[in-house]
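To start, the structure under review is shown below, and the notes come after it.
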Amino acid sequence: GESVGLHLPTLSVQEGDNSIINCAYSNSASDYFIWYKQESGKGPQFIIDIRSNMDKRQGQRVTVLLNKTVKHLSLQIAATQPGDSAVYFCAESPPGNTPLVFGKGTRLSVIA
Amino acid sequence: NAGVTQTPKFQVLKTGQSMTLQCAQDMNHEYMSWYRQDPGMGLRLIHYSVGAGITDQGEVPNGYNVSRSTTEDFPLRLLSAAPSQTSVYFCAATSGLTNEQFFGPGTRLTVL
């Protein structure tokens, strides 16, 4: 989920288990959402996106779910691997030519 | 195809010094942006540009200038560095077709 204070929330999962990372977004009019993965010392990397006219989108081992009623976004990672260890950010795109708004991130730690 | 490149990777400045963080992209994307990333704060938008000759302020523009004379380059200038500007800086270029945002590897700046 979203972080408070100076420390990112951390999700620890066993290798092979499924991971679910949550995000609450702020603008009910946002029409596009993205999940990013950021490994240590690197820039954020696009994982998967979803438009507001959908409630689910699947990629390779990842699924994004969108619940517009409660302004909630989740990222599901199937069969989590050590290489999935990273910080995951959600971002929302408000309507119009407006910059993305990023969440504060969740750290995923995979236990081998 | 190098994507988004940033130089330098690391920089240490003294308070009051000025410098320019370089960002270049070879994907011909019109939209570029600069973010800073601080612990527990996520990515905060400093400035952005929707095309050559056009720039606009983001969430935290004070103390920074940008220019966009070409599609490829989007330098960020620190006019008089302050310790509060110690951060990791990311440049990004966004595809107008897919909305996918491509980040550079980042510049870690320390202001003493």
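What the table below lists for this structure:
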quantity	calculated
Computed magnitude of the charge dipole of the stretch A:33-112 (debye, nearest 20; Cβ of K, R +1, Cβ of D, E -1)	100 debye
Neighbouring partner chain Cβ atoms per residue of A:100-106, average, 10 Å criterion	5
Rounded to the nearest 20 debye, dipole of the stretch B:26-112 from Cβ charges on Lys, Arg, Asp, Glu	320 debye
Cross-link table A:37/B:14; A:104/B:14; A:42/A:68; A:42/A:71; A:68/A:104, entries beyond 25 Å C-alpha to C-alpha	A:37/B:14; A:104/B:14; A:42/A:68; A:42/A:71
Proxy reagent accessibility, fewest Cβ within 10 Å first, across B:47, B:29	B:29, B:47
GNM result for chain A, Cα springs below 10 Å: residue of A:87, A:70, A:62 fluctuating most strongly	A:70
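None of the figures in this text is laboratory data; all of them are computed from the coordinates on show. Bear in mind the structure is a predicted one, so any value in this text is a computation, not a measurement. Note that each Cβ is placed from the backbone with ideal geometry, even for glycine, and that neighbours are counted across all protein chains shown.
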